[in-house]
1. What do you reckon, is ILE127 more than 17 Å from TYR57 (Cα to Cα) and not in a loop (DSSP other than H, G, I, E, B)?
2. Testing LEU111 on (1) part of a strand (DSSP E or B); (2) out of contact with any Pro (no Cβ under 8 Å at 6 or more places or on another chain), one condition comes back false. Which one is that?
3. Filter region 123-173 down to residues that are surrounded by 13 or more Cβ atoms within 10 Å (Cβ to Cβ), more than 16 Å from the chain's Cα centre (by Cα) and aromatic (Phe, Trp, Tyr), then give me how many there are.
4. Show me the strands (runs of 3 or more DSSP E) entirely contained within region 8-100 in which 2 or more residues are of a type in the set (S, T, N, Q) and at pLDDT 85 or above.
5. Residues GLU112, GLU75: which one is among the acidic types (Asp, Glu), exposed (fewer than 13 other Cβ atoms within 10 Å of the Cβ) and within 16 Å of PHE10 (Cβ to Cβ)?
6. Out of all the residues in region 133-173, which are under 23 Å from GLN60 (Cα atoms), small (Gly, Ala, Ser) and either at pLDDT below 90 or touching a Gly at 6+ places or on another chain (Cβ under 8 Å) (or both)?
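The values are calculated or read from the model by the stated rules, or taken from the named source; none is laboratory data. Bear in mind the structure is a predicted one, so any value in this text is a computation, not a measurement. Here Cβ is always computed from backbone atoms with ideal geometry, including for glycine, and neighbour counts include all displayed protein chains.
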Amino acid sequence: MTIGDYITYFEAIAKSLVDILHTEESKRFTTLDIHEALNGMISDMDFNEFCMLLTTYEGQLQQYDYESPIYHQSEGGFMIIKHVEQNDFRNQDQTYREAEIIGYKIIAKILEDKKQSSRSHNCPKMITDFDANSVETLKVGPKFDNCFGMLFTFSITSNVSDYVKYRKEDWQE
């Protein structure tokens, strides 16, 4: 898995999920560092509808011995959020509920893609390594312009041995 695979996959979800429908005209998907998200540093999103904010993943490499494969253990996630009028506590609660359901739809899509990739092998490697047991949820809000919703985080362990391979042609000596 690379950061490009990760972003491309989740942006495709944001474009096709009826609850989000991200387009260039209606921006409802972006990537950001979790610290930016929690500090409210974001602009030009259509928060009047549900949006997906993809957190950049962080992790570490693992190798058991010199001969074994190299794995990247990463932590990633996404937020599903929407603007709520200030002090509208009933709508805030409803937004939490709806954001949670949307997040579950995304998890269901990942699991379906994982099942399909076992047959077709055309899915990003990160999806075949996705483990639903690692998913954690957290209510978020108010963030940005009084947005509320849910944060879903998860772990992925990917074999990155093909990327971490010395190739003489990559070096000028």
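1. On the way: more than 17 Å from TYR57 (Cα to Cα): no; not in a loop (DSSP other than H, G, I, E, B): yes.
In short, no.
2. (1)
3. Of the residues in region 123-173, 2 are surrounded by 13 or more Cβ atoms within 10 Å (Cβ to Cβ), more than 16 Å from the chain's Cα centre (by Cα) and aromatic (Phe, Trp, Tyr).
4. On the way: elements: 29-32, 51-62, 71-83.
Here the list reads 29-32, 51-62.
5. GLU112
6. SER155, SER158, SER161
Yes/no per residue for (1) in contact with a Ser or Thr (Cβ under 6 Å, 6 or more places away or on another chain); (2) without any contact (Cβ under 8 Å) to a residue 12 or more places away in the chain; (3) closer than 23 Å to PRO142 by Cβ; (4) exposed (fewer than 13 other Cβ atoms within 10 Å of the Cβ):
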{"residue": "THR55", "(1), (2), (3), (4)": "no, no, yes, no"}
{"residue": "GLN60", "(1), (2), (3), (4)": "no, no, no, yes"}
{"residue": "TYR64", "(1), (2), (3), (4)": "no, yes, no, yes"}
{"residue": "ILE80", "(1), (2), (3), (4)": "no, no, yes, no"}
{"residue": "TYR96", "(1), (2), (3), (4)": "no, no, yes, no"}
{"residue": "TYR104", "(1), (2), (3), (4)": "no, yes, yes, no"}
